[in-house]
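Worksheet: the structure to be examined is printed underneath.
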Amino acid sequence: MPMKYEKLFEPTKIGKLELPNRYAMAPMGPLGLGDCEGGWNQRGIDYYTRRAQGGVGLIITGVTFSDTKVEHQSMPNCPNSTYNPVQFVRTSREMTERVHAYGSKIFLMMSGGFGRVTIPTNLGEFDPVAPSAIPHRWLDKTCRPLTVDEIHSIIESFGKGAFNAKRAGFDGIEVHAVHEGYLIDQFAISFFNHRTDEYGGSLENRLRFAKEVREEIAKTCGWDFPVSLRFSLKSMIKDWREGALPGEEFEEKGRYIEEGIAAAQLLEKYGYDALDVDAGTYDAWWWNHPPMYMEKAPYRKFAKIVKEHVSVPVLMAGRVDNPDTALACLEDGTCDIISLGRPLLADPDIVKKIRTNRLDRIRPCISCQEGCMGRIQTYSLINCAVNPQAARERVCALTPAPRKKRVLIVGGGPAGCEAARVLAERGHEPVLYEAGSQLGGNLIPGGAPSFKEDDLALARWYAEELGRLKVEVHLNTKATADLVRSDEFDAVILATGSRPKMFPLGGDDKVYAAEQVLLGEKDPGQQVVVVGAGLVGCELALDLAQKGKKVTIVEALDKIMAVNGPLCSANRDMLERLIPFNGIEVQCSARVTSYKDGLLHATVGDEEKTFPADSVVLCVGYRSENSLFEETKADVEEIYEIGDAQRVSNIMYAIWDAFEVASHI
């Protein structure tokens, strides 16, 4: 019987290299995957090998640096002779051999550097470089222009690095990039490049850096060694540090589509064997790292434009987790290869599951970027919010339970469900009690907005997994202290969650909690005031505005998203800009005092203000629901409190804490 998605599993080629299917692992920063000697650590080797085991046809590693002198980079996995090429080759060889055992191919991504977009939390504050004296993306500094000798040094390092990569068993190189506003892209974009030498001026001159990189790799590895290039067709730059939103009308200051087409054709002429297409820059970071507020497959039109103007293969990433979308993109000529980034963090077996049409078994990425981009940006670690084993495959491998235990779990939110799943996988007997009518906890109201559909998908995945594992689940049943204390169980996990904080305002019949509105239990009316501008308040306001409501946010602090926002700048920045873009009014530094006669009263400094409101929705945080733990903790020897019940946090830490506890019982 032919597979439904058979076309996704047809072989294809990049240059003369044949790939076993049309799925690639998109490059994601390999932070935490390198050793201090310039090679890969065991976590990195296991991480990429695990994705090969899951059936992906091509793996493109996260970015490595060919040069460590010009920008004084301290990044790991440096393949050139200025660091420690022996250690790089040694550890890479182990990785490529293991990847090849599963039939996958693997490219090393090599970068010319950050330029004006160095992230200070990862690389520290130093004198940044760029094509010209232009503002840094994050720091209040002006970048130093690169000298021609420094450009030549970086180009030469690509040849040396590619030679070592080929020797180590990599099947090709992906150059990073004329993409996202990194250093080589800064040379390619006239907004950043004001040079008057051979590396500035005309488009051909601005692409000279990328051209000479390709020629240098061919010089050391031959023209038959495949080289792809990460390429952003359009920059989405409104001005310095200011990006455009989807659907926004603006004057492009960066690379516009017509110039992008010309650039793509030149890059093919220069010998690049494939183009890995997206859109955006660090000034519009949400385009390159699309949050849940971005539509699925946002690069579709850009990839199709490139595909129509070049003859080399086109790769496309960007929230293409739905195989029907992926299949349609191949069938209508949008691209040749589908790249999966975050979906492969969430589920390393996603390709295998698509091939066998087991879509209900795929653990969904929720595009929160807490575990991946957020942790890369803040802690120099790549992980995954919904998959605690990502990039920790060996240290977090599940071991069979030494002795089967019957474990009571109270609470069917993400923490309780993850605990039950892990316990069952290890051979224990979990029994889960949930007071509500379905599993999912805060995933259910959290997933109500259209842009949060993957939260609901995660709740469904947990329900499917617990059913597959034959976990005993009691819905609509509130666990009692007597049940917790009973001799029926060997251990107890309390995942009783949290409750929204509420306070009296008068007119309380029209003062609601966010979840009451999100679940449709309460009609907020046409004119709504949301009190609290954290993540919950801003997402609720956006959802209501997109449904045609007139929304005002009233916040006590001096700005929105001041606390409890997403770690990842792409998510936070996009949400901050979506608020005014959708006509939502914001009043910060306001202390709410009362609500009566359809008016919310607040104090702003010394001034009293009123806000018309059919209803007021309080989004001022949550309080742990830990009464059951406090009542029983002295009576049960092996008892654990996890998730919001222990400390109010987010989905990631609910799942991670549950995994930690359940994997060691």
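Roughly speaking, what % of Cα-Cα pairs in region 163-240 are separated by over 19 Å, rounded to a whole number?
Here the long-distance tail beyond 19 Å is 43 percent of all Cα pairs in region 163-240.
So how much accessible area does ASP490 have, in Å² to the nearest 10, using a 1.4 Å probe?
Looks like 70 Å² after rounding.
Among ALA654, THR142, PHE209, which residue has its Cα positioned farthest towards the positive end of the charge dipole of the chain, with +1 placed on the Cβ of Lys and Arg, -1 on the Cβ of Asp and Glu, and the dipole taken about the Cα centre?
Towards the positive end, the residue furthest out is PHE209.
How do the peptides 206-216, 227-237, 323-333 rank, highest first, by the average count of neighbouring beta carbon atoms within 10 Å per residue?
Ranking the peptides 206-216, 227-237, 323-333 by packing returns 227-237, 206-216, 323-333.
Let me know the Rg and Dmax you get for region 508-574 when you use only its Cα atoms, in Å.
Computed over the Cα atoms of region 508-574, radius of gyration and Dmax are 12.3, 37 Å.
Could you check the simple spin-label distance between GLU637 and ASP606, using points 7 Å along Cα→Cβ, in nm with one decimal?
6.7 nm
Along the principal axes of its C-alpha atoms, what lengths does region 539-654 span, in descending order and rounded to whole Å?
Projected onto the principal axes, the Cα atoms of region 539-654 cover 54, 36, 29 Å.
What is the extension gain from GLU10 to GLU258, computed as 0.36 nm multiplied by their sequence separation minus the C-alpha to C-alpha distance, in nm to one decimal?
Once the chain is fully extended between GLU10 and GLU258, it gains 86.1 nm.
Expressed as cubic angstrom per residue, what is the convex hull volume of the alpha carbon set of region 188-314?
113 Å³
Please give me, ordered by residue number, the GluC sites (Glu not before Pro) of region 566-665 that lie in loop per DSSP and have at most 15 other Cβ atoms within 10 Å.
GLU637, GLU638
Go ahead and run the numbers for FRET between THR480 and VAL395, Cβ-Cβ distance against an R0 of 35 Å, rounding to 0.05.
0.40
Please report, in Å, the Rg and the Dmax of the chain, where both are computed over Cα atoms only.
That works out to 26.1, 81 Å for Rg and Dmax.
Taking 8 Å as the Cα distance limit and 6 or more residues as the minimum spacing, I'd like the relative contact order of region 352-404 as a percentage.
Rounded, it is 21 percent for region 352-404.
Normalised by the residues of region 464-568, what does the relative contact order come to in percent, with Cα pairs under 8 Å and at least six apart?
Result for region 464-568 is 19 percent.
Could you tell me the calculated FRET efficiency between ALA101 and GLU215, based on Cβ-Cβ distance and R0 = 30 angstrom, to the nearest 0.05?
Approximately 0.35, to the nearest 0.05.
If packing is taken as the average number of other Cβ atoms within 10 Å across a peptide's residues, how do 248-258, 157-167, 525-535 rank, most packed first?
Peptide ranking by packing, descending: 157-167, 525-535, 248-258.
Expected output is a single nm value to one decimal: the length gained when fully extending between ARG361 and ASP149, i.e. 0.36 nm times separation in residues minus the C-alpha distance. What is it?
Here the answer is 71.0 nm.
Using Cα atoms only, what is the angle between the long axis of helix 300-309 and the major principal axis of the chain, expressed in degrees (0 to 90) to the nearest 10?
10 degrees
Quick one: length gained pulling ARG499 to SER649 fully straight, 0.36 nm per residue minus the C-alpha distance?
Taking 0.36 nm per residue and subtracting the Cα distance, the gain is 52.8 nm.
What is the calculated FRET efficiency for GLN587 to HIS309, with r their C-beta to C-beta distance and R₀ = 45 Å, to the nearest 0.05?
Taking R0 as 45 Å, the efficiency between GLN587 and HIS309 is 0.40.
Find the relative contact order for region 538-665 and round it to a whole percent, using C-alpha pairs within less than 8 Å whose residues are 6+ positions apart.
16 percent
For helix 42-53, what angle does its Cα long axis make with the longest principal axis of the chain, in degrees from 0 to 90 and rounded to 10?
Helix 42-53 sits at roughly 90 degrees to that axis.
Can you pull a Stokes-Einstein diffusion coefficient for region 479-522 at 20 °C (1.002 mPa s), Rh from Kirkwood over Cα pairs, as a whole number of µm²/s?
So the translational diffusion coefficient is about 154 µm²/s.
How compact is region 83-230 by the rule of thumb for globular proteins, expressed as Cα Rg over 2.2 N^0.38 Å?
For region 83-230, the normalised Cα radius of gyration comes out at 1.12.
The values are calculated or read from the model by the stated rules, or taken from the named source; none is laboratory data. What you see is a predicted model, and the numbers here were worked out from it, not measured in a lab. With ideal geometry, Cβ positions are generated from the backbone for all residues, glycine too; neighbour counts draw on all protein chains shown. Each accessible area value is taken on the protein alone, full model and side chains, heavy atoms only, with ligands, DNA and RNA left out. Shrake-Rupley method; radii C 1.70, N 1.55, O 1.52, S 1.80 Å.
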